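FYI, it's all coordinate maths here, none of it is from the lab. These numbers were taken from a predicted model, which means no experiment stands behind them. Here the Cβ is made from the backbone with ideal geometry for all residues, glycine too, and neighbour counts use every protein chain on show.
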Amino acid sequence: MSEIVFENVSRTPRAGVKGPGAAAWLAALDVPVPRTPNSWLPLPGGLIARLGLTEFLVEGSEAEKLAAPLAPGVYPVLRQDTALVLKGDRLNDLLLETCSVDFRALDLAARPVVLTSMAGVGVTVIPGEEAGMPCCRLWCDGTYGEWFLETLTGVAGELTQSSQPRHQGTTP
Amino acid sequence: MRLPPQSGEWITRSKPLGFRFEGREYTGFEGDTVASALWASGVRVLGHSFKYHRPRGILSAANHDVNALMQAGGTPNVRADATPLQAGMALTAVNTFGSLEHDAGSVLGGFARFLPVGFYYKAFHSKRLFPLWERLFRAMTGLGRVDFATPRLRTPKRYGFCDVLVVGAGPSGLSAALAAAEQGADVVLVDEQTRLGGSTHGTSDLIDQVTAHPRIRVFTDTFAAGYYADHWVPLVERDRITKMRARAVVVAAGAYEQPAVFRYNDLPGIMLASAAQRLIRRYAVRPAQRVVVLAANADAYRALQDFIDAGIEVATVIDLRDDVPAEQQSMLAALRIPLHRGHCIVEAIPANDGKRVAGVRIAAVGAVTPAAEIACDGVFMSVGWAPAAPLLYQAGTKMRYDDGVHQFVPDTLPDGVFACGRVNGIHTPAARLLDGERAGSAAAAHCGFGTMKAVSVPAETESPTHPWPIVSHPKGKNFIDFDEDLQLADLENAIQEGFDNIELMKRYSTVGMGPSQGKHSNMNALRVLARATGSTPGAVGTTTARPFFHPVPMSHLAGRGFTPERRTPMQPHHAAAGAVWMPAGAWQRPEYYAVAGQLRAQCIEGEVLAVRQGVGLIDVGTLGKLEIRGPQAAEFLERVYISKYAGLKVGMTRYAVMCDESGVVIDDGVVARLADDHFYFTTTTSGAALIYRELSRWNTLWKLDCGIVNLTGAMAAMNLAGPKARAVLAGLTDVDLSFPYLAVREGSVAGVPARLLRVGFVGEWGVEIHVPAEHGAAVWDALMAAGQPHGIRPFGVEAQRLLRLEKGHIIIGQDTDGLTTPGEAALDWAVKMDKLFFVGQRSLQAIAGKPRRQQLVGFMLPAGHAGEAPKECHLVIDNGEIAGRVTSIAWSPSLSRHIGLAYVPSDMATVGKPFTIRLSDGSLVSAEVVKTPFYDPDNLRQKEAT
């Protein structure tokens, strides 16, 4: 594959919660809680990401569980993100042109969650690999979504139309 | 003239390329530079110098020949010595008046004595003549033509990462890269040349190892433009910039060979020995037929062998040293080449046309009278080196002058920065390899890969640089700086005039300030200064090295940038309705909606009247929207806003003004209490992100039991306003619309869960409807559809600004500035100084008893004002002095008057007080302070309950 594929998954059910009581509240709802900040866990049909110490994002069917009555120190976060899945063998080039984080240096086995800026927009990113192909799932404020997607697809288009990077040797 | 094929030559002889220079046709080969192709074609004058328009040829052939800048189509200042030749190029020299052959600017050389050092400063000293000189200098100076029709290139920038970045792919850089990679580091090796190996022959095995190594990435035709904190180095390629973040940096940037200074040392044919070597080895170009080699180090003798091998006749070797090592003497003896020890070139002899060298006059060092004259068509200089150390300086390296090698070398390197090779004072080829291995190993170890190897690097046994390669001449033209045509006497005069500090001398004389940034002049200049002041080069020191180390094209700097843009969910609906957009922070908002056949003002007035007489709908989703929950949520709001919220009833809202700690108004909005422990509140559009960040900071500091959630992007919001608004909304909501002014209700609108805030910003019955963003467009559509029978119109920011002005409502940032206190902005009523604490309270207490600097007031122009109306920011004038300024002004269709807000001195802030406003043309307009609101002063329309 020489292209970067964009999949808009914004319509996937999604809910957020934050506050000092959030982790315990989620555990009481039988939602697995990532132990370390900025990491994620798979859920049946979705995932849970820990955004810092006390904020969580649940995506997929398990998000429904967050409609339960709140406990003290638990604050719901309305998630109206633009959510994208990107994959392709030039994905890393796209990330290098838009973001200052070295995603390839991350240990995917540790299931990292990266909160950073991409093309000037605040994003949450889960990097991964799918069938040997780099991929990532990312979320941004929905009001930036349209511009963000236009920008990323524009850069990706330039990348896939251009020749291979001019550096020689093997990229580790 | 081309030589027979050279081992490892860069040109492809099977691929000839035709091109034009100064209107004439030439042919070169693929792999040539523009300069090498021209030199091979017998062209010796590649450009004219900046100041005196003197003919210049090749000096370095190393990307520093700034007298050979050319215009290539729309691209100015193409460096001929480094730019790859392309078929069909049409080139001209940049610094000529006419052509290279007939350059009217050449006469300037005859006026040299009227153009002394510091000429610019001296010329501009006279205020009267300043305009004359300015026009003259603007006409005479500048290099190249900018083509304003050139399309903008969106040159990409990208980030890069590596463990060890090695700058320079000469022997030491190659060796360093290999050593670091062998220890396990991910290495990036960068070099400005299109091929690896630097200027040294015999590294092909090393190159093969480097290019085959799986952990080394090689960037050629790329230069490291600067060094920034934490090992950030921008790598500038022809078509992009890579911001490389390394964990360690090895600077193996080498050294610039330095010219000797003697009369007419700038004639075409006089070049650095390394330049001649490049012409021979890379491009198989014979640089000259019969040459004089000016030597002062071992490099000269190594180069000399190349010249002999290329079939160049070496007429003689002039060596500045008395004590030429025996093996070098023997070499010349074996070749039957005369050697003049302890001699120098006093002057070069121009050919009859003055455009190339035809010979040299030599003398014993220190002697005045020439001892001999030698005919030649080339002079190759190898008298010393200056380290290519800008990156090291920028990284914070402490350098010292090493008397053993007569150059600055690193003394104390910053953590994670390493140096090797010539830049480190190591010049002998074998030693450079070892030094590279040492530095590469150390850099890898610094990153946690292996342990640093113990590598013994032998010290230099003789200096590669002569401490004084400078010969004075009573008639001058012994150039130190080829960029700026600075002669030895210019620097001596500058020092005599008191500019005897290296930084002052640089600025006064402009030495080192040309396009090559002193790469060939700084070392000689500081030697001149040291000698003239009885100091040493080490004590004189170098000037500050700042990024960029080498010119970076504007197309790269102004390349692709990201300016994020926010769009509300209703954006497509606005566009379909004819929205004319205006920026509001990161947002694009409808300024107004265009109507066919109507002017802007008519469209806005129509929207205003729709709200006043019928119903209008505006997208206010750009407002900041925050939520705070928790037992201490009210306490938190008490602290951050100047009004009181602890007693706010559930189901009610209250205007909210925020100050910073100095008591300056920074934001406003509306706070709605949804439950005892739950508030929903808005901020200004532009302040949303800042206020959320600031509130989060306070919450962290205060540790109150509450949490803030930013819903700005998650909630859509629209304001339905006008006498018919209730009728429009009634059929879409389950909320009882008789709820009072300033109340909040939760219910549904068009089947969507919504929060309804009864607001009065535009002065009519109105409701702000807040819904989850995903439903925003549907609710907007439903309201517009329900409003059709009532003549609903969407209205934009301009109509809203006028509507609120009619009500005397301020806009933070327009009617306030960075010094405005609540009292000055007529917001005293909102300040509750009896609260225990709020941010800014202490500052407001401190100024409470002091007279106010100014006061915001409403004003009107006289009825029937027919002339030009003032504009925002026009000044209020009192007794000829500036007394204030207009912050808002507009024609009110409802009142048929010009109305506005203005800051005036407190003693003028009395209703009925006349004052004057100065227009842009200086004329004055009368105005009068009036009470606000201008429209519906009792606010009956917005409060209406039924």
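Values computed for the structure shown
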| read-out | value |
| --- | --- |
| Cβ-derived FRET efficiency at R0 41 Å, B:E492 paired with A:L106, nearest 0.05 | 0.10 |
| Value of relative contact order over segment B:624-710, rounded to a whole percent, pairs C-alpha under 8 Å and six or more apart | 40 |
| Segment B:654-674 and segment B:1-76: distance between their alpha carbon centers, rounded to Å | 67 |
| Where a label projected 7 Å from the Cα of B:D309 along Cα→Cβ would reach, residues of segment B:163-202 with amide N under 13 Å | B:200-202 |
| Mean projected area (nm²) of the alpha-carbon convex hull when segment B:124-239 is viewed from all directions | 12.3 |
| Filtered GluC sites (Glu not before Pro), segment B:780-882: DSSP coil and at most 13 other beta carbons within 10 Å | B:E868 |
| Estimated dipole of segment B:1-140 in Debye, rounded to 20 [Cβ of Lys and Arg +1, of Asp and Glu -1, Cα centre] | 680 |
| Segment B:K127-B:Q329, length gained on full extension (0.36 nm per residue, minus Cα span) | 66.6 nm |
| FRET efficiency, B:W232 to B:M554 (Cβ-Cβ, R0 25 Å, nearest 0.05) | 0.75 |
| Estimated translational D of chain A in µm²/s (Stokes, Kirkwood radius over Cα pairs; 10 °C; 1.306 mPa s) | 94 |
| Rg/Rh (Cα only; Kirkwood hydrodynamic radius) as it applies to chain B | 1.12 |
| Residues A:M118, B:M908, B:M833, sorted so that the one with the fewest Cβ neighbours within 10 Å comes first | B:M833, B:M908, A:M118 |
| Charge dipole magnitude, Cβ of K and R +1, D and E -1 - the protein assembly as shown, Cα centre, debye nearest 20 | 1160 |
| Top positive-direction residue, dipole computed over the protein assembly as shown with Cβ charges, set B:A224, B:S920, B:G173 | B:S920 |
| Separation in nanometres of the label points that stand 7 Å from Cα toward Cβ, at B:L940 and B:D677 | 4.5 |
| In nm, spacing of pseudo-spin labels at B:D878 and B:E774 (7 Å Cα→C-beta vector) | 5.8 |
| Dipole of segment B:624-710, positive direction: furthest Cα of B:F681, B:V665, B:Y692, with charges on the beta-carbon | B:F681 |
| Farthest toward positive dipole pole in segment B:1-140 [+1 Lys/Arg, -1 Asp/Glu at C-beta], among B:N67, B:F114, B:F50 | B:F114 |
| Radius 14 Å from Cβ of B:F499, net charge of other residues (Lys, Arg +1; Asp, Glu -1) | -2 |
| Per-residue mean of C-beta atoms belonging to partner chains within 10 Å, peptide A:94-105 | 4 |
| Distance (nanometres) between label positions extended 7 Å along Cα→Cβ at B:A594 and A:T116 | 4.1 |
| Chain A, relative contact order in percent, only Cα pairs under 8 angstrom and at least six apart counted | 24 |
| Computed Rg/Rh of the protein assembly as shown, alpha carbon atoms with Kirkwood Rh | 1.07 |
| Average partner coverage of B:158-166, which counts Cβ from other chains inside 10 Å | 4 |
| Length gained when the stretch B:A351-B:V911 is fully extended (0.36 nm per residue, less Cα-Cα span) | 192.8 nm |
| Fraction of antiparallel bridges per DSSP, segment A:15-136 only, in percent to nearest 5 | 100 |
| Gained length - B:E746 relative to B:L895, 0.36 nm times residue gap less alpha-carbon distance | 50.0 nm |
| Loop-resident sites, segment B:248-346, for chymotrypsin sites (Phe, Trp or Tyr not before Pro), counting at most 16 other Cβ within 10 Å (DSSP) | none |
| For B:710-716, mean number of other protein chain Cβ atoms within 10 Å | 5 |
| Rounded to the nearest 20 debye, dipole of segment B:405-544 from Cβ charges on Lys, Arg, Asp, Glu | 280 |
| Chain B, relative contact order [Cα under 8 Å, separation at least 6], % | 9 |
| Considering only segment B:1-140, percent of DSSP beta bridges that pair antiparallel, nearest 5 | 90 |
| Backbone N under 20 Å from the B:V368 label point (7 Å along Cα→Cβ), restricted to segment B:455-498 | B:470-478, B:488-490, B:492-493 |
| Where GluC sites (Glu not before Pro) fall in DSSP loop in segment B:627-700, at most 15 other Cβ within 10 Å | B:E661 |
